[in-house]
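Data block below; observations after.
The values are calculated or read from the model by the stated rules, or taken from the named source; none is laboratory data. These figures come from a predicted structure and were not determined experimentally. Here the Cβ positions follow ideal geometry from the backbone for every residue, glycine too, while neighbour counts run over all protein chains shown. Please note that ligands, DNA and RNA were not included when accessible areas were found on the heavy atoms of the full protein model with its side chains. Shrake-Rupley method; radii C 1.70, N 1.55, O 1.52, S 1.80 Å.
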Amino acid sequence: MLVTQDLDQVRQRFLALKSSRLRDQFLSDLFAHGDPVSSTQAVGQLLRGEQRPSVLVAILKHARSAGVKIPLSDVAPLLEVANSDVLRATSPIAVALGPAGEQAVIEAVGRHRPSIQPYLLAALRHGSDPRVTEELRRIAADSRQSRDPRIVAMRALARREGAGLTEFYVSLLTDPKADIQNVAMTCLLSVGAMDRGREVLAWLKRQKRLNDQYLPTGFRLAVAYLMCAFGSEHQLMAEVVDLVRTRQQELELQDRDWLGRVAPDVLGPLATAEVVVRADCVQLRAESPLGRT
């Protein structure tokens, strides 16, 4: 275990280094040869008083790579630093410390401007504390909130809770903001229960345009969900086919190509009643935005 004098020397030697290459080498050697307790002490000593974002990130990166345990008392102050790189490096470490770390992250969110908040919220996709889950729901559902924090909160919830929040995702299909509706549709397809086909069909019918700026489009997300929810045998699948055929002039080429790959009969010459849809739901979920991350 390092004594106070040794820790001071470590810090002084580190501060004397003038290049990032030398600092990286110093940190790599320090954590490679130190015992767990000494390495934890050294991290705390190096972090205290350090204000350069790039140096803070380097310390955290090397410590985490070496498996050094960093206590919340050393991590929490960094959650107040209004720098995206620092928050991106710090918040996952805090969340990995358990409920107390999750609480520290969610409490820090409100102290930062909206453009910074997503870097904290993104780390919470790996947590499980129910109080934090409830706060994420509040952020995601609040139409007064800025767009990006809401979207990141929704994606974090999908990772944390999966199908358990299906009803919540469905409720956001009527949000005033179209991009929030689209992310709700993404969550439904990626992790939601496949029993809300009627609500998704109603949402698809409400869309003024089937081609939009989102990739994959909201249309593709909704149709993929409906193919999984209904299949060929369900009477409402015929409504989906009729809707797509009636409005197919609105579809982008990429949407037509996608339909031709996953359900070629939908745009084909067969009568509606003869269309067969055999959706590979595992693949469709995997291809969704959340499924790819």
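List of remarks:
- Test for Asp24: is it out of contact with any Ser or Thr (no Cβ under 9 Å at 6 or more places or on another chain), under 30 Å from Ser115 (Cβ atoms) and outside any loop (DSSP other than H, G, I, E, B): yes
- One residue alone among Leu97, Leu72 is modelled with pLDDT of 95 or more, farther than 23 Å from Ser115 by Cα, open to solvent by less than 70 Å² (accessible area, probe 1.4 Å) and not β-branched (Val, Ile, Thr), and that residue is Leu72.
- Qualifying residue in the range 175-192 (condition: in contact (Cβ under 8 Å) with a residue 24 or more places away in the chain, more than 25 Å from Gln117 (Cβ to Cβ), touching a Gly at 6+ places or on another chain (Cβ under 9 Å) and surrounded by fewer than 20 Cβ atoms within 10 Å (Cβ to Cβ)): no
- The listed residue being surrounded by fewer than 21 Cβ atoms within 10 Å (Cβ to Cβ), more than 14 Å from Ala158 (Cβ to Cβ) and in contact with a Gly (Cβ under 9 Å, 6 or more places away or on another chain), out of Asp142, Asp129: Asp129
- From the list Asp265, Asp257, Asp195, the one residue that fits, being farther than 24 Å from Met154 by Cβ, acidic (Asp, Glu) and in contact with a helix residue (DSSP H, G or I) (Cβ under 8 Å, 6 or more places away or on another chain), is Asp265.
- In the set (1) in contact with a helix residue (DSSP H, G or I) (Cβ under 6 Å, 6 or more places away or on another chain); (2) among the β-branched types (Val, Ile, Thr); (3) open to solvent by 30 Å² or more (accessible area, probe 1.4 Å), Thr40 fails one condition alone, (1).
- Filter result for the condition that a residue is farther than 22 Å from Pro118 by Cα and touching a residue at least 24 places away in the same chain (Cβ under 8 Å), over Ala58, Ala32, Ala82: Ala32
- For first residues located in the range 130-152 and within 14 Å of Val105 (Cα to Cα) and touching a residue at least 40 places away in the same chain (Cβ under 8 Å), partners that are part of a loop (DSSP other than H, G, I, E, B) and open to solvent by 40 Å² or more (accessible area, probe 1.4 Å) and lie 6+ apart or on another chain with Cβ distances below 7 Å form the pairs Pro149/Pro114.
- Those residues of the range 220-253 which are at pLDDT below 85 and either open to solvent by less than 30 Å² (accessible area, probe 1.4 Å) or not in a helix (DSSP H, G or I) (or both), in sequence order: Gly231, Ser232, Glu233, His234, Glu252
- Top-ranked residue in the range 100-121 [being surrounded by fewer than 19 Cβ atoms within 10 Å (Cβ to Cβ) and among the small types (Gly, Ala, Ser); ranked as farthest from Asp142 (Cα to Cα)]: Ala100
- In the range 157-169 there is at least one residue matching the filter, namely being open to solvent by 40 Å² or more (accessible area, probe 1.4 Å), touching a His at 6+ places or on another chain (Cβ under 8 Å) and either farther than 22 Å from Val57 by Cα or in a helix (DSSP H, G or I) (or both).
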